[in-house]
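For reference, the structure is listed below as structure tokens.
The values are calculated or read from the model by the stated rules, or taken from the named source; none is laboratory data. As the structure is a computational prediction, the values presented were derived from the model and not from experiment. Glycine also receives a Cβ, built like all others from the backbone with ideal geometry; neighbour counts cover every protein chain displayed.
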Amino acid sequence: MEKHEKNKKNRKLLIIILSIVAALVISAIVLIVVLLGKNKNEKTSLKEPTVTLEVVSNTYYAGMTLEDVEVNVNSSTDGVWVWVNKTQELEEGTHGYAWKFVPTSGEFKEVSGNLNVTAIADTLQNFELENAPTKLSGYHAFETIDLTGAKFVATYSSGRTQTVLANYEIVYENGTSFVAHDTKLTITYHGMNVVINLTSEVLPAEVTPREFAYSWTGEAQSANGSETLYTYSSASYTDAGRYANAVTLVLKDKVNYVWAETGNANDITVDFIIGYSASEKFIGTFTYTNTAFVEGEWNPDRIDATLILNADSTYEITVHYYDENNGTPYQKELVQNGTYSISGNTFYFAVNSTLEFTATFDETAKTMTSSHLPDNGTNAFNETEIGEVTILTKI
């Protein structure tokens, strides 16, 4: 019985809590709706300014622009009045032209409309180039004319003249821009033409090819494909190194483009590079073969060594010495770890930040040469003085 009464009280308490939560949610929703309505009313309650316009009674001719039309503007508040398209030309007769007024005060909203302007017929009699553009030479294919400094003047039947700043058409000899060997272009204005002669013909555009450099993978790689302006092809290469003039490049358009390096459109060749960058240069596994050594405490018959260069600038060298002249085959293994750095084609190998030895890489032969094998800290590597060590890539 007591348990039943307790459950009954819990249910009543839960109902009270839920009722309170529901009331809070409803209140929040009502508040949001009120605020949104307030913001909306604020936006729609902006005042509309009164704007009175009067076209000054001058004589306007067809072909003039709205910039030439004088307008008296009176408004109930400060602001800026403008034509929507001030370079629009007037048409013969009476026509409405779009304008807008932007109030300075945020209490007023922007207004717009059309204003009638009457223009009388005025026939274009002449169109000429009064001042030539400043730049009349040094253009390359697919560039467009720079009309800085040019001045075009139109003369009408009424005797008036007008500087033409817009609404003309630029006509090139071929297409929508210059092409190689163009010598002129035409400016057209309402059916009348002005020819602008260049002082030197348009030159082909210059092309600088990309570098054909790849990371070493141990697999054969080639450069065969197409860029926007040229195609490229090569044989396949596996070993890390620089393969001189291995990639042939062919321009797709030999009229409008030339190679920046040669100044002509003839096919060129560039190097094919594998593993040739500051972080990836010659990274991989190499093997040592000794080309000469001097007899020390003992004279090994042969030496095998493996050098591993890692991308994080660490290295590991494992050296095996073999001596079979003492009746019993003898083998000794030594391992050294450290860090290396690269400057040009010179590798600097260090142990505990102390320079141990250097080696020079030959890009053509793809070999690395050092005066000796490094010391692992116990002078064990110096038991045999190596006259010269050549490191050959396994790849």
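Listed values, structure above:
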{"item": "Counted residues, region 92-136 - those being out of contact with any Lys or Arg (no Cβ under 9 Å at 6 or more places or on another chain) and part of a strand (DSSP E or B)", "result": "22"}
{"item": "Residue under evaluation Phe178, criteria (1) within 26 Å of the chain's Cα centre (by Cα); (2) in a strand (DSSP E or B), criterion not met", "result": "(2)"}
{"item": "Residue satisfying all of: in region 202-243; part of a strand (DSSP E or B) and in contact (Cβ under 8 Å) with a residue 60 or more places away in the chain; farthest from Asn310 (Cα to Cα) among these", "result": "Leu203"}
{"item": "Residue ID - modelled with the lowest pLDDT, chosen from residues in region 36-63 that are among the β-branched types (Val, Ile, Thr) and more than 27 Å from Thr163 (Cα to Cα)", "result": "Thr44"}
{"item": "Residues of region 245-265 classified as surrounded by 12 or more Cβ atoms within 10 Å (Cβ to Cβ) and part of a strand (DSSP E or B), total", "result": "9"}
{"item": "Residue list for region 137-174, restricted to those being part of a strand (DSSP E or B) and either under 14 Å from Ala62 (Cα atoms) or in contact (Cβ under 8 Å) with a residue 40 or more places away in the chain (or both)", "result": "His140, Phe152, Ala154, Thr155, Tyr156, Thr161, Gln162, Val164"}
{"item": "Residue that is in a loop (DSSP other than H, G, I, E, B), out of contact with any Gly (no Cβ under 8 Å at 6 or more places or on another chain) and free of Cβ contacts under 8 Å to residues at least 24 places away in the same chain, where the choices are Asn72, Asn85", "result": "Asn85"}
{"item": "Boolean, Thr77 is under 30 Å from Asn174 (Cβ atoms), out of contact with any Leu (no Cβ under 9 Å at 6 or more places or on another chain) and not in a strand (DSSP E or B)", "result": "no"}
